[in-house]
Amino acid sequence: MAYHSGYGAHGSKHRARAAPDPPPLFDDTSGGYYSQPGGYPVPGAEVAFGVSQLLGDPMANMAMAYGSSVASHGKDMVHKELHRFVSVKKLKYFFAVDTAYVAKKLGLLVFPYTHQNWELQYSRDVPLPPHQDLNAPDLYIPSMAFITYVLLAGMALGIQKRFSPEVLGLCASTALVWVVMEVLALLLGLYLATVHSELSTFHLLAYSGYKYVGMILSVLTGLLFGSDGYYVALAWTSSALMYFIVRSLRTAALSPDSVGGPVPRQRLQLYLTLGAAAFQPLIIYWLTFHLVR
């Protein structure tokens, strides 16, 4: 009796097919992006990856650390010189801020178009401090924004492999020199226009220092979204700062005595205010364009 075992040349046709592999429980995310069905990255993944790449660059971290030490050393030197030549009581007025004021002021600098009342508030002929009056100028935001700009410049130079202490020091000193030159030009213009107002050097320094906020936003947007994002942020922050400067300086410079003055003097004051505002985008661009590639 012949016995067929079922295995052999003809029996191989009846072999059971192997079961397909079960689908993986988790998607493979080793590529750096969280995928959606169809192989497309999740919206926002590129931005998150860009941020992690910026923060994970060792050269950028070293540049930021050096920039922090430079900024803190410069801050100590400035405070030491101010204590020698400037009244501390007058200086405290410009640093009398709180968290609510800083948040509202930053919002006003970025979007000033809906603000209605631009006049400074007084109490018994004494101007209210910044934490009680949103329109009052302060030096806290400009000083902190300058330090942040130096740190951001160091990180940008580190990402581009162009960082060196000399280049970072040149960026910081150039930013300071431009603000000082702008303040001196405004003082000269106010003197030539014979404007009788309560604008002091600290007021002009505060208004000139607010440009650092726009510079930070422009550079940060350029690092995340490239040159297109940089120019969009530059246009927005420049126009917002110009509007802010025109409304603030025009209200502060036009004192009650000068309102009824000669027409040529009022026209000169208006030209001075418009010139100061129109100069802001040029400075912002000059101090930031080389940080975005």
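The values are calculated or read from the model by the stated rules, or taken from the named source; none is laboratory data. Since we're looking at a predicted model, the values are computed, not measured. Virtual Cβ from ideal backbone geometry, glycine too; neighbours counted across all protein chains shown. Protein only, heavy atoms only, side chains kept; ligands, DNA and RNA dropped before computing areas. Shrake-Rupley method; radii C 1.70, N 1.55, O 1.52, S 1.80 Å.
Brief remarks follow.
- Only one of LEU170, LEU176, LEU184, LEU224 that is at pLDDT 90 or above, open to solvent by 30 Å² or more (accessible area, probe 1.4 Å), over 17 Å from LEU109 (Cβ atoms) and in contact with a Gly (Cβ under 7 Å, 6 or more places away or on another chain): LEU224
- The lone exception for GLU198 - which of (1) open to solvent by 60 Å² or more (accessible area, probe 1.4 Å); (2) assigned to a helix (DSSP H, G or I) it fails: (2)
- Screening the range 138-195 for residues that are part of a loop (DSSP other than H, G, I, E, B) and of a type outside the set (A, V, I, L, M, F, W, C) and picking the one that is nearest to LEU268 (Cα to Cα) gives THR194.
- Boolean, TYR191 is aromatic (Phe, Trp, Tyr), closer than 30 Å to VAL126 by Cα and open to solvent by less than 30 Å² (accessible area, probe 1.4 Å): no
- Criterion: touching a residue at least 40 places away in the same chain (Cβ under 8 Å) and surrounded by 14 or more Cβ atoms within 10 Å (Cβ to Cβ) - qualifying residue of LEU120, LEU204, LEU128, LEU134: LEU120
- Checking each residue in the range 98-117 for being surrounded by 19 or more Cβ atoms within 10 Å (Cβ to Cβ) and either touching a Pro at 6+ places or on another chain (Cβ under 7 Å) or among the basic types (Lys, Arg) (or both) picks out TYR101, LYS105.
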